[in-house]
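Chemist: Below you will find the structure I want to go over with you.
Please treat every number below as a calculation from the coordinates, not as lab data. If you're wondering where the values come from, they're calculated on a predicted model, not measured in any experiment. Every residue, glycine among them, receives a Cβ derived from its backbone with ideal geometry; neighbour counts consider all protein chains shown.
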Amino acid sequence: MDEDLTNTGKEGDYLKVDIACLNPKSLHATLVSTVGSHCEVWRTNKRSQADRAGNAYLEFVIKYPLGNHSQPEITMLAKHYRMLRQELDDVIPEAIFSITRVDGNVNVCVVARAVNIWFDIANPQNREEAVELLRTHVKPRVQLERFIRAAKAWRASGHSRLIDLFGVDNLVMDTNREIRYLDSFFVFFFEDMLDLLQEPDEQLEYRINRSVERLEYLEEMLGESKNADP
C-alpha cells in the first residue's frame, strides 16, 4: 500500500524513521503527535481505490513505538486492540498491527484510520461543552455509556485491567460528534502491579490514580447529561 501514498497538506514531510513495510522514502506524512508515552504519530493519506482519477483520499495515521518490543509484547498489543474493538466497535478506529522492522530492528507498526479530534472528552476542563454536546446528541452519549460500562467491567475482572485515560487525547470527541478512543500501545494499566513491585513506582501510581479519577468523572458527567434532558 506504499506505492501511491500522497499528502495534500502544506506541511507534508517525509517519515523520519525507516519502517520496512511502508517504504518511508516514498511516503509523505506530517508529524502530529510526540507527546505520548509510547509512540510517535504521523498522518498521511492514500488515494481511494474506488476513484483513482478523482480527489477522494483515505486519511490515516502511522504509529510506531519509542522503544523496541518483542514478538510476545506485540502479540499482547494486538490482542488488547481486538478486545477494545470487540467491546467498543466504532469507538475504536480501524487499525492494522504489523510486525516489521523499524530502523532495522524487529518491532511493531500500527496503521489506523485517522480521526479529526475536536477535544479531549476525558479532560474535566471541557466539562461544560461536553455535557451540552452529550445532551444534544444521542450517538456520542450511547458510545460513552458503552465505553464506561466496558471500562468498569474490565477493571472489575480478575485481571484488574484499567483502561488508560491518563494520556493526552486518549478519549476524544471528533468533529463528527462521535466518541473515539485513540490509544494503541499498552492501553491497560494493571492495578495489582503496584502490590507486586519491590520498590514504589510513584509515576505509575499517579497515572493509575488519574485514570481512575477520569473514569469516575466520565460516569458523573454522563449522568449529568442525562439529567439535563428536556
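Chemist: Would you work out which of Val102, Pro124, Tyr206 lies farthest towards the positive end of the dipole of segment 72-230? Charges go on Cβ: Lys and Arg +1, Asp and Glu -1.
Modeler: Farthest towards the positive end: Val102.
Chemist: Determine ³J(HN,Hα), in whole Hz, for all residues of segment 137-146 in sequence, where each value follows from phi through the Karplus function 6.51 cos²θ - 1.76 cosθ + 1.60 and θ = phi - 60°; x replaces Gly and Pro.
Modeler: Per residue, the Karplus-derived 3J(HN,Hα) values read 10, 6, 4, x, 5, 5, 4, 5, 4, 5 Hz.
Chemist: Same structure again: Find the relative contact order for segment 132-230 and round it to a whole percent, using C-alpha pairs within less than 8 Å whose residues are 6+ positions apart. Show your work: numbers first, answer last.
Modeler: Working: 93 pairs, mean separation 33.2, N = 99.
Relative contact order of segment 132-230: 34 percent.
Chemist: How about Lys16: which lysines have a C-alpha closer than 26 Å to its C-alpha, ignoring those fewer than 8 places off in the same chain?
Modeler: Here the lysines satisfying the reach criterion relative to Lys16 are Lys25, Lys46, Lys63.
Chemist: Here's something else I'd like to know. Could you give the size of the charge dipole of segment 52-184 about its Cα centre, using +1 on the Cβ of each K and R and -1 on the Cβ of each D and E, expressed in debye and rounded to the nearest 20? Each step should come with its number before you reach the end.
Modeler: Working: 18 positive and 17 negative charges, 86 e Å.
For segment 52-184, the charge dipole is close to 420 debye.
Chemist: Of the peptides 200-212, 110-122, how do they stack up when ordered by the mean number of other Cβ atoms within 10 Å, highest first? Can you show the working numbers first?
Modeler: Numbers: 200-212: 14.2, 110-122: 18.5.
Taking the mean over residues of other Cβ atoms within 10 Å, the ranking is 110-122, 200-212.
Chemist: Okay, next question. Just how large is the dipole of segment 117-227 about the Cα centre, in debye to the nearest 20, putting +1 at every Lys and Arg Cβ and -1 at every Asp and Glu Cβ? Please report the intermediate quantities before stating the final value.
Modeler: On the way: 15 positive and 22 negative charges, 146 e Å.
Its charge dipole is roughly 700 debye.
Chemist: If you don't mind, there's one more thing I want to ask. For a quick check: with amide H placed at 1.01 Å from N, whose amide H comes under 5 Å from Trp118's, ignoring anything fewer than 5 positions away on the same chain?
Modeler: Met173, Asp174, Thr175
Chemist: How big is the convex hull of the Cα atoms of segment 117-227, per residue, in Å³?
Modeler: Working: hull volume 10.7 nm³, N = 111.
Convex hull volume per residue, Cα atoms: 96 Å³.
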